[in-house]
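Everything on this sheet refers to the single structure shown next.
The values are calculated or read from the model by the stated rules, or taken from the named source; none is laboratory data. In this text, all values refer to a predicted model and were calculated from it rather than measured experimentally. Backbone-built Cβ (ideal geometry, glycine too); neighbour counts: all protein chains shown. With ligands, DNA and RNA removed, areas are computed over all heavy atoms of the protein, side chains included. Shrake-Rupley method; radii C 1.70, N 1.55, O 1.52, S 1.80 Å.
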Amino acid sequence: MSLNFPSEADLRGLPKWARVAFATRCARRLEQRLQAHPRASHDLREIVRWAISEAELSCEYGVSSEDLSDAAKLADAAHEMLQDLDDVMPAMTSAVCCWVAKAAQFPDRVAASAAYGASMAAQRYACRPSEVEADFLHLDQLCRDQQWTERSPVSASVFRPLKAANSQK
């Protein structure tokens, strides 16, 4: 499978909080890899963890969390500081966390493109494309089976636990 599934159009077919949940799942996959990265500082790891957690909390309740904007700003600042590194993994992870937090802030406008960017980054840096595809197909099936709407909240628990980072890619 090439690094292009699900497409942005596929993601637009999901309800908004499902799109954000999918993006958040992809960010969690990147976070796992970042935790073991030798050049990732404790502060960067905490910023990433916080941004993802705030996005997950937003999905869980179907509304943006109170601290989401601050988490997005910190992730964006981390990305700005890291984007000139030769090693792209920390910068990409912080960028994805910023996208995810912004998607949770503005799920109607940003979520599909953020989810697509997050899925591409996860496929490239964190896991096999088939794992991202399986996450999407699982979420898509839940949306149809449970008749989720644009207002339906989505818990991170709808996904299976992630495999340990050392068993991925």
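Computed quantities for the displayed model
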quantity: Among 14, 50, 92 the positive-end extreme of the charge dipole of the chain (Cβ point charges); calculated: 14
quantity: Cα-only radius of gyration and Dmax that characterise the range 17-68, units Å; calculated: 11.7, 35
quantity: Pairwise label distance in nanometres, residue 146 with residue 41, each label 7 Å out on the Cα-Cβ vector; calculated: 3.9 nm
quantity: In the range 9-92, the GluC sites (Glu not before Pro) that fall in loop regions by DSSP, at most 16 other Cβ within 10 Å; calculated: 66
quantity: Candidates 32, 147, 83: whichever shows maximal mean-square fluctuation once the chain is modelled as a Gaussian network with Cα springs under 10 Å; calculated: 147
quantity: Net dipole in debye of the range 69-125 [+1 Lys, Arg Cβ; -1 Asp, Glu Cβ; about Cα centre; nearest 20]; calculated: 260 debye
quantity: Alpha-carbon centroid distance for the pair the range 18-53 / the range 54-89, whole angstrom; calculated: 9 Å
quantity: Kirkwood hydrodynamic radius over Cα pairs of the range 49-94, then Stokes diffusion coefficient at 25 °C and 0.890 mPa s, in µm²/s; calculated: 219 µm²/s
quantity: Full-stretch length increase - residue 63, residue 85 - with 0.36 nm per residue and alpha-carbon distance subtracted; calculated: 4.5 nm
quantity: Whole-percent carbon and sulfur share, accessible surface of the chain, 1.4 Å; calculated: 50 percent
quantity: Environment charge of residue 6, counting only residues whose C-beta is closer than 14 Å and scoring Lys/Arg +1, Asp/Glu -1; calculated: -3
quantity: In order through the range 86-95: 3J(HN,Hα) via Karplus (6.51 cos²θ - 1.76 cosθ + 1.60), integer Hz, x for Gly, Pro; calculated: 5, 8, 7, 4, x, 5, 5, 5, 5, 5
quantity: The chain - charge dipole about Cα centre, Lys and Arg +1 at Cβ, Asp and Glu -1, debye rounded to 20; calculated: 480 debye
quantity: Directionally averaged shadow of the range 1-87, computed from the convex hull of its alpha-carbon atoms, nm²; calculated: 6.9 nm²
quantity: Low-density loop cleavage sites - trypsin sites (Lys or Arg not before Pro) in the range 9-42, where at most 16 other Cβ are within 10 Å (DSSP); calculated: 39
quantity: Paired Rg and Dmax values of the range 72-129, which use every Cα atom, in angstrom; calculated: 11.4, 34
